[in-house]
């Protein structure tokens with residue numbers, strides 16, 4: 001493979017990865033899995049996972065969970081739905097899994113977030129609030145002195 005054709009292939013892969021990321025952003029509440037996402041862009045699940053992680057710093061599954069929790073946080077801040085309704089609205093099929101993932105990414109269970117953390121974006125424009133309130137996985141938080 002020449003460098004020109006390798007570059008073309010890399011650009012084609014990046015375009016497909018953007019389509020996968022856009023699909024996750026659009027369809028986060030639908031049942032999605034890596035195999036279905038890979039089929040949609042004619043890639044193997046393993047190749048999609050490796051390339052997605054290389055391009056975006058996290059696996060497609062992690063990106064999906066982050067998006068779901070991000071949407072759930074916004075709904076909890078609004079306060080017009082129950083935790084159970086939000087769980088199903090953002091694509092989880094189990095309240096236990098939702099609560100576990102939420103606590104893993106946010107640091108507190110959804111009910112505690114609703115009571116205590118819902119005002120974290122108060123007075124902040126929505127475009128900034130999205131960035132400020134984005135869930136961060138514990139292993140992604142930089143540790144001083146580590147590489």
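The values are calculated or read from the model by the stated rules, or taken from the named source; none is laboratory data. In this text, all values refer to a predicted model and were calculated from it rather than measured experimentally. Glycine gets a Cβ as well: all are built from the backbone with ideal geometry, and neighbour counts include every protein chain shown.
Hand me the list of helices (runs of 4 or more DSSP H) wholly inside segment 1-64 holding 3 or more residues that are without any contact (Cβ under 8 Å) to a residue 24 or more places away in the chain and under 16 Å from the mean Cα position of the chain (by Cα). Spell out the reasoning first.
Working: elements: 3-27, 34-40, 45-56.
By residue number, 3-27, 45-56.
When you scan segment 77-101, how many residues do you find that are surrounded by 19 or more Cβ atoms within 10 Å (Cβ to Cβ) and modelled with pLDDT of 95 or more? Walk me through how you get there before you give the answer.
Of all residues in segment 77-101, those surrounded by 19 or more Cβ atoms within 10 Å (Cβ to Cβ) come to 86-87, 90-92, 98, 101.
From what is left, the residues that are modelled with pLDDT of 95 or more are 86-87, 90-92, 98.
The total comes to 6.
If you go through segment 47-54 one residue at a time, do you hit one that is within 30 Å of residue 107 (Cα to Cα), surrounded by fewer than 12 Cβ atoms within 10 Å (Cβ to Cβ) and modelled with pLDDT under 95? Step through it out loud before you land on a result.
Step one: list which residues in segment 47-54 are within 30 Å of residue 107 (Cα to Cα), which gives 48-54.
From what is left, the residues that are surrounded by fewer than 12 Cβ atoms within 10 Å (Cβ to Cβ) are 54.
The next check asks that each one be modelled with pLDDT under 95; those that pass are 54.
Among the residues of segment 47-54, at least one is within 30 Å of residue 107 (Cα to Cα), surrounded by fewer than 12 Cβ atoms within 10 Å (Cβ to Cβ) and modelled with pLDDT under 95, which makes the answer yes.
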query = For segment 111-130, does any single residue satisfy the condition of being surrounded by 13 or more Cβ atoms within 10 Å (Cβ to Cβ), within 18 Å of residue 28 (Cα to Cα), out of contact with any strand residue (DSSP E or B) (no Cβ under 6 Å at 6 or more places or on another chain) and at pLDDT below 65?
reply = yes
